[in-house]
Amino acid sequence: EPERPRVPVRSGMAGWRPRRCPAMLRRAGPRLLPLLALALLPARLRAQDATAEGSLTTTWIPGTLLPDRFECETFSCAKWNPWEWYPVDFPNSTVICQEVQDDLTKGFAVYAPDMCRRLKEANLPYENCKKDYCQMFDDAVKKLVHLEGPGYYGRDTCEPFLDFNRSLCEKEYRDAQVFCDCFCPMMPLFDPIPGCEEEVMHFLVLGKRSAILAEKYPMSPLCAADMCRWFELIGNPLPPNPVDIAYGVPNICHVSGLPFKPKQCERQVTTVGASVGMGKNVQIPYEPCPWHEPTKEDDLMECTDKTTHTINPLEADSWAVCAERNFRWTCPKNFPVMCEDLDCDGSADYCCQTRVDRCKTGEERMCPPMLMSDLGEWHGLLTPGATVSRGTTTTLDPLDAFLMRTLVTTTAASVATQYEALPMPLIITASVGGAFVCILAICAFIFKEHFTVMAHSLVGAPRLLKAVWSDPIHVFTASPPPDIHPALPPLKSAAQLEKERLDDQANTALRSGVDAAFQRGFRGLCAYHGCPPPAEEDTLIWAMDAVRSRGLDLMGENPILLKRAETWLRTLHAERGLLKASAQARPELLIVGNRQNLQGLPGKPWLSTLEGQTCEGEIRDLAWSNIEALSEAIKTAKEASAQENLLKNNKALLGELIARTRELPADRCVLDPEGDGLKLLPKGHQRAIKGFTGESYLYHKETRLAGDVDEAPPPSELLDDVATDAARPVCADYAAGRKCRGGRRCPWRHQKPQPGDAMRECILRNEDDR
């Protein structure tokens, strides 16, 4: 693509600028101020070149050391300067931008949490964390830039990634440091509900960077609550109950400004919420640092619960109004600075001051780098640590060092010369003003008594007596009071008051019930079959019924609370049903695979009689029904996110039951429609064969409704696996001599044992079976 034409600037702006100046200004946004300051640099930091027409062009020298920026080849340390980028409007520009977003959400953001957990369990550091984190954004920028730049794809959606610098990322970027040195080692403490870990990672990588990306990758209230509970564990510098984890919480978690107050954190990071009465989500502005903007009025403070309160600066108790409202959100206009130290309301809340230097630590409350939408180092600005390092250096500029060694030979100017330089009109004005003030002082001193008499006659008691003597009735008649009070609202009836009380009681009961249930735990709520139900279950069910019966299920935060309550109850019922199915199926280990040789008629084998075959079939059907019930309970528990160990143990039990079955029921088996071998039908479905044609068909056992002959079997995800041979132990007799006395009737595997295999002796129940 040919280079875009550029217009030389005679003065005022540094360097070249594109012809589409409005688009450049719109993209520059908050970075416009440094660009304007760049044009005002000293002459020795600017280069001037004369063009062919004689016009003067001012350009910024690459590598110039500015007091508040890193020393880079470009102004923002990116591949191109901010005023040089321009969007490329190709038909596939939006597609490439979306591909970059997909790469960011499917790469490092997916495998990093699991990698951090596994390395923390082994007490090993993730040494390549920063390298992988920075490589993720570096690959994104390379894919966004068109032909090495300065054109780029995606317009405003992908524009936030253009100023990325790989070298600064691994050394200076604070978001990379917080993720790798704090979030990664503390990842084992992050235990969200299913789906929230992916949503949190997508938000931290993409959603927080602009309003457009926040709408595509939002943070829901449910997942925000999980992330804020994690911040509460790792971000509180003085936790009441320190977490029990190897080597403790890194110090960077305590000094990176993580919002560790749960309710305040949820309001900071939530970007989408349910509208009351509408049943759909609405976008919420992202506010990671609301304390940077005070309220609009003096002595007016806002709390986290969105209520505002007027405080008296001289009364300490009035400052504590937010202690029971989830702490302070913004400070009053006349106390605009929220300090970094927790020294107010009993060392529980941040203080508000008039200036930063009045804070105890001399620092304003910092904005958490991991939650900020636009970090300064992403645009070439020095980080606080780099600013301190540069400010304490003793290296002098060569020119300054030379001037310090040079003796001053110029004599000081005389006093007369200095006065001669003063403007004459200023001297005349000062003299006239001083004379006028002196005249007024003399007059006041001489006519002091006259002024006193005159004042007493115009105001005070003499004036009141004169008014009484003239017309006391009209002068002292009270004027009608102004109508400044608005009309009061209509008085509520007793029924309305009672309804509001019951509604508040139902809402409070639901909120308390959900909090109590989740404090008990997310999973592992039942320990054994028949254990007494948790006390929180009945209370939670009653609160849910009360809210729904009163029509409050769409009011306020009730939709979120009801969803969390249903999730908790579903997990509880699934685990309870799995324990019940396990208790009923476990005794079948002694029945499946063994024949019930009951006493038959004299001289007739038991299984050769109709009664024996019928009894044997009923026993096998009953045992297999318990196995099917256990399989369905495992599926239900897995969908409800039941405890992993509980699922693992019952899957092993199911595999052992199927493995011990010598002959699987023919009416429960079908071939997998995708060619994956033999599969088991879901519970309630059986296979039958037509007597005349020999064709098979499926029917439902309870409803007795049959399907067509050529009807396809259920999909593969509904079928159960029978490939459980690896779950059975190896026969000890076969492993010793490659021969087993039980033959086909032995329930164990006849193969060479492998490392990790269990071994069992071949023991047949009856002497006749040997």
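For the reader, a short list of remarks on this structure follows.
- Peptides 560-568, 341-349 ordered by average Cβ neighbours within 10 Å, highest first: 560-568, 341-349
- Less than 5 angstrom separates the built amide H of M759 from those of V730, all sequence-distant by 5 or more or on a different chain.
- The range 167-304 - Kirkwood radius from inverse mean 1/r over Cα pairs (Å): 16.5
- When each of the peptides 302-308, 512-518 is scored by how many other beta carbons lie within 10 Å of its residues on average, the order from highest to lowest is 512-518, 302-308.
- Close amide H contacts of Y152 (hydrogens built in the peptide plane, cut-off under 5 Å, sequence separation of 5 or more or a different chain): Y86, V88, H146.
- Pair-distance distribution P(r) for the range 82-210, from all Cα-Cα distances in 10 Å bins starting at 0: 12, 40, 31, 13, 3 percent.
- Which listed pairs, of K131/K208; K120/K208; K263/K333; K79/K143, have C-alpha distances above 18 Å, in listed order: K131/K208; K120/K208; K263/K333
- Positive-end residue, the range 482-533 charge dipole about Cα centroid, Cβ charges, pick of Q505, A495, L525: L525
- The simple spin-label model puts a point 7 Å past each Cα toward its Cβ; for S549 and V437 those points are separated by 8.2 nm.
- Sequence ranges 122-128, 382-388, ranked by mean other-Cβ count within 10 angstrom, highest first: 382-388, 122-128
- Long pairs among K648/K679; K106/K261; K261/K635; K216/K296, criterion Cα-Cα beyond 26 Å: K106/K261; K261/K635; K216/K296
- Phi-based couplings in Hz for the range 345-355 (Karplus 6.51, -1.76, 1.60; Gly and Pro marked x): 6, x, 6, 10, 9, 7, 8, 10, 9, 7, 9
- The calculated P(r) of the range 182-238, using every Cα pair and 5 Å bins from 0, goes 4, 20, 26, 25, 16, 8, 2, 0 in percent.
- Evaluating 6.51 cos²θ - 1.76 cosθ + 1.60 at θ = phi - 60° for every residue in the range 521-526, the Karplus couplings come out as x, 8, 8, x, 7, 10 Hz, glycine and proline recorded as x.
- Lys/Arg +1, Asp/Glu -1 at C-beta; the range 249-394 dipole; positive extreme among M301, P285, G257: P285
The numbers here are math on the coordinates, done by the rules we state, and not lab data. Quick caveat, the model's predicted, so the values are computed rather than measured. Because the Cβ atoms are built from the backbone with ideal geometry, glycine has one as well, and the counts that use them run over all protein chains shown.
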